[in-house]
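J.: Following this message is one structure expressed as structure tokens.
The values are calculated or read from the model by the stated rules, or taken from the named source; none is laboratory data. Source: prediction; values computed, not measured. Neighbour counts run over all protein chains shown; Cβ positions are idealised from the backbone, glycine included. Note: accessible area is taken over every heavy atom of the protein model, side chains too, but ligands, DNA and RNA are not part of it. Shrake-Rupley method; radii C 1.70, N 1.55, O 1.52, S 1.80 Å.
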Amino acid sequence: HGGCERLAVKRTIAIVDVGTAAPGVPAHASPLAFELSIGRHRVFVNCGASERVGSEWTRALRATAAHSTLTIEDANSIELDGQGRLTGSPPNIALERNESGDGVWLEARHDGYLARFGLLHHRRLYLDPDGDDLRGEDRLIGAAGAGRHFTVRFHLHPSVHAQRTADGRAALLRVEGMGFRFRASGAELSLEESVYLGQNGPPRRTEQLVLSGRTDGDETVVKWALRKES
């Protein structure tokens, strides 16, 4: 009813935004963004929202880049006015979900970037039967959108400690005594600054994992995974 899908296996829960913004109602430009928690510990988040900050902060927090999803040319996937209300038609979102003994699959796509950049964003998520292995795939489809800069962001909760591996191809995350390895292919991995406003609180410094690159040909594929380690 809230426009979200919930992938839950044991203590691991992923919440994915697959809702459609309604005209005239304040919204966030966050199609296919997701958050991940393990037990009571948050790992991947969105930057949040707060009534204690000014209008400039509010606009920034509504932007696509403030969410754990993909952006093209740092543009919003939904066009919003100064009050955060939808301008124009809402994007079309398609969704397919499958659950079995092999885990939970979710595949969704939206066309929020199609008119401006000629690209469709497809996101596929898989959570294994133990809840210890989350795999994702982000695809950009459309020959007309070749050469566009894209970014896939994973905003981290302030309690998460992150460090890139020596070869720069992966990152190690530590959450309350638990260890995870994040790896990716199809884009360059970096660790950058971010901000978190949770529980209607003030801004808190945090970090984000960033996958960046340029579209090439009819289809660009970025694969990533987060796996729990001993």
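J.: Based on the Kirkwood radius over alpha-carbon pairs, what value in µm²/s does the Stokes-Einstein equation return for the translational diffusion coefficient of the chain at 10 °C and 1.306 mPa s?
T.: On the way: Rh = 17.9 Å.
Approximately 89 µm²/s, per Stokes-Einstein.
J.: Would you kindly derive the ³J(HN,Hα) couplings of segment 88-103 from the backbone phi angles with the Karplus curve 6.51 cos²θ - 1.76 cosθ + 1.60 (θ = phi - 60°), listing them in order in whole Hz, with x for Gly and Pro?
T.: x, 7, x, x, 7, 10, 10, 9, 9, 10, 9, 10, 7, x, 8, x
J.: Which of the listed residues, ALA94, GLY168, THR215, is farthest toward the dipole's positive end in the chain, when Lys, Arg count +1 and Asp, Glu count -1 at the beta-carbon?
T.: Result: GLY168, furthest along the dipole toward the positive end.
J.: Would you kindly derive the ³J(HN,Hα) couplings of segment 120-133 from the backbone phi angles with the Karplus curve 6.51 cos²θ - 1.76 cosθ + 1.60 (θ = phi - 60°), listing them in order in whole Hz, with x for Gly and Pro?
T.: Listing the rounded values in order: 9, 9, 10, 10, 10, 10, 9, 10, 6, x, 9, x, 9, 9 Hz.
J.: Probe radius 1.4 Å, ligands and nucleic acids ignored: give me the carbon and sulfur share of the accessible area of segment 79-230 as a rounded percent.
T.: On the way: 3170 of 7680 Å².
In segment 79-230, the share of accessible area belonging to carbon and sulfur is 41 percent.
J.: Can you pull a Stokes-Einstein diffusion coefficient for segment 98-230 at 37 °C (0.692 mPa s), Rh from Kirkwood over Cα pairs, as a whole number of µm²/s? Walk me through the numbers on the way to the answer.
T.: Details: Rh = 16.3 Å.
The Stokes-Einstein estimate is 202 µm²/s.
J.: Per residue of the chain, what 222 nm ellipticity follows from adding -39500 (n - 2.57) for every DSSP H run with n ≥ 4, rounded to the nearest 500?
T.: On the way: 2 runs with 12 residues, N = 230.
Calculated at 222 nm, the ellipticity per residue is -1000 deg cm²/dmol.
J.: Farthest toward the dipole's positive end in the chain, which of GLY112, PHE44, ALA187, given Cβ charges of +1 (Lys, Arg) and -1 (Asp, Glu) about the Cα centre?
T.: The Cα lying farthest towards the positive end belongs to PHE44.
J.: In addition: Write down the accessible area per residue of segment 74-133 in Å², having rolled a 1.4 Å probe over the full set of protein chains.
T.: Numbers: 2930 Å² over 60 residues.
Normalised by residue count, the accessible surface of segment 74-133 is 49 Å².
J.: Tell me which residues come under 5 Å, amide H to amide H, from ARG148 once H is placed; ignore anything under 5 positions away on its chain.
T.: Under 5 Å from the amide H of ARG148 lie the amide H atoms of THR215, each far enough along the sequence or on another chain.
J.: Given R₀ = 25 Å, FRET efficiency for ARG164-ARG205 by Cβ-Cβ distance, to 0.05?
T.: Working: r = 18 Å, r/R0 = 0.72.
Once the sixth-power term is evaluated, E becomes 0.90.
J.: Just report the Cα centroid separation between segment 99-166 and segment 53-81, whole Å.
T.: A separation of 17 Å, based on Cα centres.
J.: Here is a further query. Please give the FRET efficiency for SER212 paired with ASN98, using the beta carbon to beta carbon distance and R0 = 35 Å, rounded to the nearest 0.05. Before the final figure, lay out each step's value.
T.: Numbers: r = 30 Å, r/R0 = 0.86.
So, using R0 = 35 Å, E works out to roughly 0.70.
J.: Over the residues of segment 30-108, compute the C-alpha Rg and express it relative to 2.2 N^0.38 Å.
T.: Working: Rg = 15.3 Å, N = 79, 2.2 N^0.38 = 11.6 Å.
This ratio for segment 30-108 stands at 1.32.
J.: With θ taken as phi - 60° and the coefficients 6.51, -1.76 and 1.60, list the Karplus ³J(HN,Hα) couplings across segment 159-170 in order, rounded to whole Hz; mark glycine and proline as x.
T.: After applying 6.51 cos²θ - 1.76 cosθ + 1.60, I find 7, 8, 9, 10, 8, 6, 6, 4, 7, x, 9, 8 Hz.
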